[in-house]
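Below: the structure, in structure tokens.
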Amino acid sequence: MFEFAFAGSYILPVIMFVFWCIASIIVTNLSYAESNKHLLKRKNFLFVACLLALIAGFLWYACILIMFLENGWLFVEGVIKAILPTSLIGYVAVIMYTLPRLKSIQELKDDITDNKTLVKVTDPFMVVPIYAAMVSTGIIVYRNIFSQPIKPSIYEIAQAPVCLLLILIIPTYISIRKNKLALQGQMMLLPLGKRFIKFLKTAMVLGFIGILFVVINVLIGVNTSKLPESSDMMNHHLVDEGGGTPTMHSNQGAHSGDHDQSEMVEVKNLTGDISEPADRKFDLVAKQKEITLQSGKKVKAWVYNGTIAPQLRVKEGEMIEIKLENKDIESGVTIHWHGYNVPNAMDGVPGMTQDAVKPGESFTYKFRANQVGTYWFHSHQQSSEQVQKGLFGYLIVDPKNEMEPVDEDITVINHIWQTDQDKTMSFSLNDESQLKQIEPGKRVRLRIINADNLSRKYLLQGVDYKIFSIDGVPIKNPGQISDKTALRVAAGGRYDVIFTMPSDPVLFKIGDYNDDQSPSIIFNKNSDQGKVAFKEEQDEFSPEHYGEVLKNDLTKTKQFDREFLMIFSNEMGFYNGLPNFLWTINGEVFPKTPTFIVKEGEKVKTTFVNRSFAEHPMHLHGHHMTVLKKNGKKVKTP
């Protein structure tokens with residue numbers, strides 16, 4: 001239901017605007033009808049256009065109400081405060097003034113050339129409300145596309161009604177003047193050619209105002225969106241302290257030097273205790289290489305150690321050291337340990353925790369592997385490009401004492417490649433079906449890593465199974481899951497699934513059951529792949545209702561030290577002086593988004609509200625979160 005309401009909140013205003021435009025054209029030309037018959041015909045068309053626009057409007061209000069009931073106040077606050085009141089001005093006026101006057105036209109018996117008739121059809125109380133409805137709906141469309149209201153200020157709330165009144169000045173003046181002439185019997189019905197010239201003049205004036213408005217907004221957007229040549233990531237001139245106690249950044253000016261820096265520590269020194277020698281050492285060399293997928297498709301890739309998704313496997317508690325070398329990636333590379341809580345200096349974020357490693361340079365990461373489970377790593381320098389080209393691998397940290405021993409340990413990491421033929425989904429290099437021979441009775445751990453930037457659906461059929469960890473975090477007392485249940489793994493997410501191999505084949509694939517183009521794995525007791533037949537799932541796994549209830553300090557906390565709100569949205573705008581489709585946080589894009597400031601040891605609550613057109617994956621580097629609520633409702637198993 002929510003998806004339909006959300007889509008309707010964008011589509012319906014466009015439909016409303018079209019009908020109000022039609023109604024505006026008809027009501028403007030009522031006085032030019034050649035006869036009563038033509039007048040009544042136009043009046044009927046006008047009534048239908050108004051009725052359809054009103055119905056679309058009521059459906060739009062219903063969509064807003066549904067979103068409020070299902071997702072809460074934060075999801076609709078901006079619309080209700082900054083858009084909805086203005087739309088009501090036109091709609092209420094049409095219902096109160098326009099529709100009753102339209103009804104009175106039906107009862108006219110005088111000729112269209114009679115003054116009484118002309119006075120009625122030019123009545124501003126009938127005409128102007130339709131203009132107001134058209135303009136207010138146009139404002140809704142504009143705000144939806146270019147400037148979505150997020151936590152609007154008084155100034156932003158006042159913008160829409162003020163804009164409505166300013167736009168209506170000229171058409172209202174013309175309507176009043178036209179009606180006054182009709183009252184005085186001085187209204188002349190001009191020939192079609194002269195009417196067109198008069199309309200053209202009015203349209204030119206309004207068009208000039210509209211173009212001026214667009215030009216001013218473009219100039220403002222271009223100039224205010226330009227990025228500085230360099231950016232100091234430690235210059236926190238925009239801060240949000242989440243309502244907590246003041247920090248060292250409180251009330252600072254536009255420069256980070258405005259406060260005492262005596263207690264500050266350089267990020268490069270935040271290494272943790274790495275004095276002990278490394279138990280395990282690895283070398284990763286980033287370079288360009290053409291790779292060939294299972295199907296024969298070619299990819300001009302960027303890879304570590306000349307292979308796709310190299311594995312680093314260590315034991316819990318080991319000190320590990322990874323030397324990264326850049327052979328020929330011109331823009332530089334790093335390694336970010338996705339989901340792994342490493343010291344800040346080892347986090348691999350260029351411009352924040354380290355400089356990008358340029359060609360011919362190296363950087364050494366060193367940390368103790370205290371978190372067990374399935375993780376992955378990738379370059380964080382222009383990550384949208386570098387991960388897509390193949391700069392990623394996976395990190396497996398085995399526990400000192402394995403509580404869930406298995407006979408077979410298999411890792412699959414999916415990725416979409418831009419090949420020489422098309423975009424292709426694969427498990428590492430395997431973009432077609434593959435066979436893995438496993439004897440019945442063997443216990444199998446399947447580590448699923450989603451290296452895509454969107455969530456993905458997976459099917460595991462032919463055997464029931466259990467999920468033993470999500471994103472490296474173990475699940476307490478996991479229950480059995482039917483093979484008729486699909487899994488959906490978040491972007492960058494990991495699921496550890498364990499099953500016992502039956503005597504019949506087990507089927508695993510990504511995507512829908514009937515998608516023959518997506519990669520799959522067939523587990524069988526012999527080398528015969530047999531006939532593969534995936535079935536449509538009956539359910540989709542929901543982690544908030546799985547396993548034993550987690551109890552920690554956060555689940556018991558009633559009052560948090562700091563609370564933050566992040567509303568994700570989309571709009572058209574400018575970024576660095578160029579038109580762009582923006583992904584905003586609280587209505588802003590970096591570097592205008594504030595830095596969240598917290599103190600070590602504090603309990604922090606963050607509410608994420610996704611009003612964008614797509615999923616919005618987000619994770620905290622160096623920290624884990626406990627999910628307390630989803631869509632305003634407490635989760636059963638945080």
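The values are calculated or read from the model by the stated rules, or taken from the named source; none is laboratory data. Owing to the predicted nature of the structure, the values given are computational and were not obtained by experimental measurement. Every residue, glycine among them, receives a Cβ derived from its backbone with ideal geometry; neighbour counts consider all protein chains shown. Note: accessible area is taken over every heavy atom of the protein model, side chains too, but ligands, DNA and RNA are not part of it. Shrake-Rupley method; radii C 1.70, N 1.55, O 1.52, S 1.80 Å.
Has region 466-486 got at least one residue that is within 29 Å of Phe377 (Cβ to Cβ), open to solvent by less than 30 Å² (accessible area, probe 1.4 Å), hydroxyl-bearing (Ser, Thr, Tyr) and in contact with an Asp or Glu (Cβ under 7 Å, 6 or more places away or on another chain)? Scanning region 466-486, I find at least one residue that is within 29 Å of Phe377 (Cβ to Cβ), open to solvent by less than 30 Å² (accessible area, probe 1.4 Å), hydroxyl-bearing (Ser, Thr, Tyr) and in contact with an Asp or Glu (Cβ under 7 Å, 6 or more places away or on another chain), so the answer is yes. Counting residues in region 544-563 that are in a strand (DSSP E or B) and either touching a strand residue (DSSP E or B) at 6+ places or on another chain (Cβ under 8 Å) or open to solvent by 40 Å² or more (accessible area, probe 1.4 Å) (or both) gives one or more.
When the strands (runs of 3 or more DSSP E) confined to region 234-348 are screened for residues that are over 26 Å from Asn450 (Cβ atoms), under 33 Å from the mean Cα position of the chain (by Cα) and at pLDDT below 95, none reaches at least 2 such residues. Screening Glu402 with (1) crowded, with 22+ Cβ neighbours inside 10 Å; (2) free of Cβ contacts under 8 Å to residues at least 12 places away in the same chain gives one miss only, at (1).
Among the numbered conditions (1) part of a helix (DSSP H, G or I); (2) of a type in the set (D, E, K, R); (3) touching a residue at least 40 places away in the same chain (Cβ under 8 Å); (4) under 25 Å from Pro124 (Cβ atoms), the only one that Arg101 does not meet is (3). Taken together, the residues in region 10-41 that are open to solvent by less than 70 Å² (accessible area, probe 1.4 Å), modelled with pLDDT under 90 and outside any loop (DSSP other than H, G, I, E, B) amount to 7.
All conditions but one from (1) in contact (Cβ under 8 Å) with a residue 60 or more places away in the chain; (2) among the hydroxyl-bearing types (Ser, Thr, Tyr); (3) not in a strand (DSSP E or B) apply to Tyr513; the one that does not is (1).
Confirm whether Asp471 is under 22 Å from Val397 (Cβ atoms) and acidic (Asp, Glu). Let's see the steps before the verdict.
Details: under 22 Å from Val397 (Cβ atoms): yes; acidic (Asp, Glu): yes.
Taking the combined requirement at face value, the residue satisfies it.
Against the list (1) open to solvent by less than 30 Å² (accessible area, probe 1.4 Å); (2) farther than 21 Å from Ser426 by Cα; (3) of a type in the set (Gly, Ala, Ser), the condition Ser527 fails is (1).
Would you point out the residue of region 405-432, among those that are hydroxyl-bearing (Ser, Thr, Tyr) and not in a strand (DSSP E or B), that is least open to solvent (accessible area, probe 1.4 Å)? Walk me through how you get there before you give the answer.
Here is the first cut: in region 405-432, the residues hydroxyl-bearing (Ser, Thr, Tyr) are 411, 419, 424, 426, 428.
The next check asks that each one be not in a strand (DSSP E or B); those that pass are 419, 428.
Values: Thr419: 13, Ser428: 34 Å².
Filtering first and then ranking leaves Thr419.
Given the structure, is Leu65 free of Cβ contacts under 8 Å to residues at least 24 places away in the same chain and either on the phi < 0 side of the Ramachandran plot or surrounded by 15 or more Cβ atoms within 10 Å (Cβ to Cβ) (or both)? Answer is yes for this residue. The residue pairs whose first member lies in region 291-319 and is open to solvent by 10 Å² or more (accessible area, probe 1.4 Å), whose second member is assigned to a loop (DSSP other than H, G, I, E, B) and among the basic types (Lys, Arg), and whose beta carbons are closer than 9 Å, counting only pairs six or more residues apart or on different chains, are Lys315/Lys400; Glu316/Lys400; Gly317/Lys400. Considered as a group, the residues in region 113-138 that are among the polar types (S, T, N, Q) and open to solvent by 40 Å² or more (accessible area, probe 1.4 Å) include one that is nearest to Ala160 (Cα to Cα), and that residue is Asn115.
Any residue at all in region 158-176 that is touching a helix residue (DSSP H, G or I) at 6+ places or on another chain (Cβ under 8 Å), over 25 Å from Cys50 (Cβ atoms) and either open to solvent by 20 Å² or more (accessible area, probe 1.4 Å) or modelled with pLDDT of 85 or more (or both)? Walk me through it before giving the result.
The initial filter retains those residues of region 158-176 that are touching a helix residue (DSSP H, G or I) at 6+ places or on another chain (Cβ under 8 Å), namely 159-161, 163-164, 167-168, 170-172, 174-176.
Then drop every residue that is not over 25 Å from Cys50 (Cβ atoms), which leaves 159.
Then drop every residue that is not either open to solvent by 20 Å² or more (accessible area, probe 1.4 Å) or modelled with pLDDT of 85 or more (or both), which leaves 159.
Checked against the condition, which is being touching a helix residue (DSSP H, G or I) at 6+ places or on another chain (Cβ under 8 Å), over 25 Å from Cys50 (Cβ atoms) and either open to solvent by 20 Å² or more (accessible area, probe 1.4 Å) or modelled with pLDDT of 85 or more (or both), region 158-176 yields at least one hit.
Out of region 349-388, which residues are at pLDDT below 95, acidic (Asp, Glu) and closer than 18 Å to Leu284 by Cα? The answer is Asp355, and nothing else.
Residue under question is Gly373, and the condition is that it be among the small types (Gly, Ala, Ser), closer than 18 Å to His619 by Cβ and more than 26 Å from the chain's Cα centre (by Cα); does it hold? Judged against the criteria, Gly373 is a match.
Looking at region 505-519, is at least one residue aromatic (Phe, Trp, Tyr) and surrounded by fewer than 19 Cβ atoms within 10 Å (Cβ to Cβ)? The answer is yes; a qualifying residue exists. Selection of region 516-539 for residues being in contact with a Phe, Trp or Tyr (Cβ under 6 Å, 6 or more places away or on another chain) and either free of Cβ contacts under 8 Å to residues at least 12 places away in the same chain or outside any loop (DSSP other than H, G, I, E, B) (or both) yields only Ile521. Filtering region 603-615 for residues that are of a type in the set (Phe, Trp, Tyr), assigned to a loop (DSSP other than H, G, I, E, B), closer than 21 Å to Glu70 by Cα and out of contact with any Ser or Thr (no Cβ under 8 Å at 6 or more places or on another chain) leaves a non-empty set.
Within region 137-155, count every residue that is touching a residue at least 60 places away in the same chain (Cβ under 8 Å) and either β-branched (Val, Ile, Thr) or not in a helix (DSSP H, G or I) (or both). Step through it out loud before you land on a result.
Residues of region 137-155 touching a residue at least 60 places away in the same chain (Cβ under 8 Å): 137-138, 140-141, 143-152.
Going one step further and asking which of them are either β-branched (Val, Ile, Thr) or not in a helix (DSSP H, G or I) (or both), we end up with 137, 140-141, 145, 147-152.
Result for region 137-155: 10.
Scanning region 20-44 for residues that are more than 46 Å from the chain's Cα centre (by Cα) and of a type in the set (Gly, Ala, Ser) yields a total of 3.
So how many residues does region 359-383 have that are outside any strand (DSSP E or B), more than 14 Å from Val333 (Cβ to Cβ) and either open to solvent by less than 30 Å² (accessible area, probe 1.4 Å) or out of contact with any strand residue (DSSP E or B) (no Cβ under 7 Å at 6 or more places or on another chain) (or both)?
Here is the first cut: in region 359-383, the residues outside any strand (DSSP E or B) are 359-361, 369-372, 379-383.
Filter once more, keeping what is more than 14 Å from Val333 (Cβ to Cβ): 369-372.
When the remaining residues are screened for being either open to solvent by less than 30 Å² (accessible area, probe 1.4 Å) or out of contact with any strand residue (DSSP E or B) (no Cβ under 7 Å at 6 or more places or on another chain) (or both), the result is 369-370.
Residues in region 359-383 being outside any strand (DSSP E or B), more than 14 Å from Val333 (Cβ to Cβ) and either open to solvent by less than 30 Å² (accessible area, probe 1.4 Å) or out of contact with any strand residue (DSSP E or B) (no Cβ under 7 Å at 6 or more places or on another chain) (or both): 2 in total.
Being under 27 Å from Leu54 (Cα atoms), open to solvent by 30 Å² or more (accessible area, probe 1.4 Å) and not β-branched (Val, Ile, Thr) is the requirement here; does Leu181 meet it? Taking the combined requirement at face value, the residue does not satisfy it.
For region 564-576, a residue qualifies if it is open to solvent by less than 30 Å² (accessible area, probe 1.4 Å) and either in contact with a Pro (Cβ under 6 Å, 6 or more places away or on another chain) or at pLDDT below 90 (or both), and the qualifying residues are Asn570, Glu571, Gly573.
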